[in-house]
Amino acid sequence: HAPYLTAGYGAINLLLLKYYQHTYAYWQKKSDPKTWFEKEAEGADNIDQLDEIFKNVSIERIAEVNKQIGEIKKAENIKSEEVLKALVKLPGYSEIVEMYRKIPAKLLDAGKKSGKGNQWKVIFYFA
């Protein structure tokens, strides 16, 4: 093996750690989307699925994942394959954006009974 192939995963792991730290720092600066939506949307507090709709993008979830980053950083061998495997399981910026992108359709569906689904969807687009 060439030396660069056997040096471990240190460089990629450190790069991913930095990427995730910046990603989660960005999302932690944002308002909690569920809290914002409840303030803006009439009757939103009566949506049974509201917690489920917003759980993956909630401030609490972002903080949880950020805590995982902190734990991963404490790994005894930062160059290990195990660290890399743990890192790639975490949602990145584009995955979080994709979760946000799906919320309007979920709100539309949740508001079918009340007839407010379309209104809720439009409100969320202006978040």
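Some points to look at:
- Filter result for Lys39 (part of a helix (DSSP H, G or I), buried (at least 17 other Cβ atoms within 10 Å of the Cβ) and not β-branched (Val, Ile, Thr)): no
- Count of the stretch 68-106 residues which are in a helix (DSSP H, G or I) and either over 24 Å from the mean Cα position of the chain (by Cα) or touching a residue at least 60 places away in the same chain (Cβ under 8 Å) (or both): 9
- In the stretch 107-127, the residues that are within 23 Å of the chain's Cα centre (by Cα) and among the basic types (Lys, Arg): Lys121
- Tally, over the stretch 107-127, of residues that are in contact (Cβ under 8 Å) with a residue 40 or more places away in the chain and acidic (Asp, Glu): 0
- Verdict on Ile62 being surrounded by 14 or more Cβ atoms within 10 Å (Cβ to Cβ), at negative phi, part of a helix (DSSP H, G or I) and touching a residue at least 40 places away in the same chain (Cβ under 8 Å): no
- Hey, Leu15 more than 22 Å from Glu98 (Cα to Cα) and at pLDDT 95 or above or not: yes
- Among residues of the stretch 16-27 that are polar (S, T, N, Q), those with a beta-carbon under 9 Å from a residue that is surrounded by fewer than 18 Cβ atoms within 10 Å (Cβ to Cβ) and outside any helix (DSSP H, G or I) at least six positions away or on a different chain give the pairs Thr23/Leu90; Thr23/Gly92.
- Subset of the stretch 42-59 that is modelled with pLDDT of 90 or more and among the β-branched types (Val, Ile, Thr) - its residue that is surrounded by the most Cβ atoms within 10 Å (Cβ to Cβ): Ile53
The values are calculated or read from the model by the stated rules, or taken from the named source; none is laboratory data. Remember, it's a predicted structure, so these values are computed and weren't measured experimentally. In this analysis, Cβ positions are derived from the backbone assuming ideal geometry, glycine residues included, and neighbour counts consider all displayed protein chains.
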